[in-house]
1. What are the pairs with Cβ atoms under 7 angstrom where one residue, in the range 69-86, is hydrophobic (A, V, I, L, M, F, W, C) and the other, located anywhere, is in a loop (DSSP other than H, G, I, E, B) and at pLDDT 95 or above? Sequence gap at least six, or different chains.
2. State whether one or more residues within the range 550-564 are farther than 24 Å from I375 by Cβ, in contact (Cβ under 8 Å) with a residue 40 or more places away in the chain and not aliphatic (A, V, I, L, M).
3. Exactly one condition in (1) at pLDDT below 90; (2) open to solvent by 50 Å² or more (accessible area, probe 1.4 Å); (3) under 21 Å from E81 (Cβ atoms) is not met by E131; state its number.
4. Scan (1) in a helix (DSSP H, G or I); (2) surrounded by 15 or more Cβ atoms within 10 Å (Cβ to Cβ) for the single condition H18 breaks and write down its number.
5. Checking the conditions here, which among P388, P418, P393, P443 is open to solvent by less than 30 Å² (accessible area, probe 1.4 Å) and either touching a residue at least 60 places away in the same chain (Cβ under 8 Å) or not assigned by the TED database to the domain that holds M94 (or both)?
6. Here are some residues: A231, A285, A289, A257. Which one is surrounded by 15 or more Cβ atoms within 10 Å (Cβ to Cβ) and outside any loop (DSSP other than H, G, I, E, B)?
7. Can you pull out every residue in the range 153-185 that is assigned to a helix (DSSP H, G or I), open to solvent by 40 Å² or more (accessible area, probe 1.4 Å) and under 17 Å from R346 (Cβ atoms)?
8. Looking at S475, S525, S539 in this structure, which one is within 30 Å of F264 (Cα to Cα), open to solvent by less than 20 Å² (accessible area, probe 1.4 Å) and part of a strand (DSSP E or B)?
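The values are calculated or read from the model by the stated rules, or taken from the named source; none is laboratory data. Computed from a predicted model, the values in this text were never measured in an experiment. Ideal geometry is used to build each Cβ from the backbone, glycine not excepted, and the neighbour counts take in all protein chains shown. SASA here: full protein model, heavy atoms, side chains in, ligands and nucleic acids out. Shrake-Rupley method; radii C 1.70, N 1.55, O 1.52, S 1.80 Å.
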Amino acid sequence: MVKTPGFYLHEDGRNDPHAELKATLKALFAPTIPGADDAHAACLFPARRQFIFSELNLAEFISRLPTPQCRAYTSWRERIETERVALIFADAYMGNPASMFGHTLLRLDSSADSKHTLTSFALNHAAQTGEDHGVIFAMRGVLGSYPGSYAIMPYYQKVNEYTRLDRRDLWEYKLNLDDAAIDRLLAHLWELDGVGLPYYFFYQNCSLRLMYLLEIADPDLDLVSNFNFWAIPADTVRAVKEHPELVDQITYRPSAARKLDYAFEQLTDDQSKLAKDLAYGEIDASSEALVELPEDKRAHILEAGYEYLDYLAQTKDLGEESRSRRYNLLLARSRLSAESLADPPRPDVRPDEGHRTGRYGIGFGQLDGVNYAEIQWRGSYHDLLDPPGGYLPGAQIEMLDLRARYYQDDDPRNGTEPDGGLELERLNLVNVRSITPRNQPLPGITWGAELGAQQHRAEEGQRALAGTTSAHVGSAWRFGDTKSGRLVVAGATTLRGSPDFDDGYRAGVGGQMEILYSRPLARLSLSAESLAFHDNKESWRVAAKTAISITSNSAIRLHAIREKDFEVRHNEVQLLMHFYF
């Protein structure tokens, strides 16, 4: 709820709607003050005025209202002249906790912007975080201690920020809003100028605020009612798409990184090296290795080299020499008549067509000869064995992952086997992974972090629920004809806490390796991890996991695990059915 002073016309308007309505009516009927027309309530709250007289059937009283000259509002509306509105979805960005789930904004197109939307305005809602970073930034965002506000800016600025600096694809959903709806949207937006709204990363966030705005524009829309605890940006886009008449056209705008990656995919390894050598100035366009190639290949290498250098120049200062190299590359390319490299193809699955972000699962398994049934529930969002369509490749974000088991209890136990009955297997608060291959045009690091509680072995070999935090950092390489495979090698660390441990905690370091292969119909993970703990004990774990999609919102998983800790070895197999909601 708005807390900003001046938004309410009654001193207790935030808590007393009836008093606020009376104060608003009084202000709307108040006479204008010469020279202060813009301060009249009719100029400050045009949407409120329109709503009240429409909903209360007071049309016959409109003629009695003062008619102030709202010059500021009129001038603003002329500057933000809007004929069409589009919902924009920016892909997930793993470099910023607030953007890991993606982001949405609105684009306001004038009649002059219909063919060149980069000249449109963008309407963005974001938290005002100041200089906060890291843990403070994350905690304040979760607790809602930042104010959020709307801002209007040139759309090309957001396109440059997202597609070039953040490497994020954009999806543009043109909306069918009539003139009256657009008028209501802009009138309400004017009322919110300078107003701070409570901002929560997981609920009252950028995406949900835009849904409220669209409901105000078109009161017949129901976009918000199903969001009770959190609002994932992709889910809000899905809510819009569930109104088929609302979306007119969908456009895909690939990021500069995706364009660059696609350009290099069209080249052999030797040709890719030539393109990078051109970018770094190690060779020029007259190089013999380049000149002897067919014209079309020369053209593509020159284009790839230019795009690579131009991207690097966007992210760091390469000096005047790089500008000269870019000019020479463009000049050399202009002398060739070969066709330009094509843009990357549109992905087969849009963000709104991917699996839903909630998930529950049911299944059964066997741990050290003891049978069990398992139920799972995950609040959000995606892991690396979920169907990949519509999600950022190599990115995993899981929030609130709960798993409980019921073990068969009619066999004697030896102390290392699980006890019979109900048992909490896992309660993870967050599990994040980002895999960025080294062998791609723009390489990066691979990392992951996890926080929660899980079952682990204790000194006597018995199972104990322990608070667990772990992290890994390393490198990854992609492989396969379709680039669908990943080889991950990383250093790992973990800290576990439980009263069942002799010291109350266990700290370990080690390494891990994993082979991942992801396709729309099936995924495979083969992993191994070894850890050495501060208590001079070692553990290792090897696992094979596969997932097979049944529909876009259901899948089967099969896991086989062998593990050793405290000199106790155990085997586990599991079969699960996952449903996404």
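1. V85/L177
2. no
3. Exception for E131: condition (3).
4. Of everything listed in (1) in a helix (DSSP H, G or I); (2) surrounded by 15 or more Cβ atoms within 10 Å (Cβ to Cβ), H18 misses just condition (2).
5. Sole residue among the options that is open to solvent by less than 30 Å² (accessible area, probe 1.4 Å) and either touching a residue at least 60 places away in the same chain (Cβ under 8 Å) or not assigned by the TED database to the domain that holds M94 (or both): P418.
6. Going through A231, A285, A289, A257 in turn, just one is surrounded by 15 or more Cβ atoms within 10 Å (Cβ to Cβ) and outside any loop (DSSP other than H, G, I, E, B): A257.
7. The answer is none; no residue qualifies.
8. Matching residue, one of S475, S525, S539: S525.
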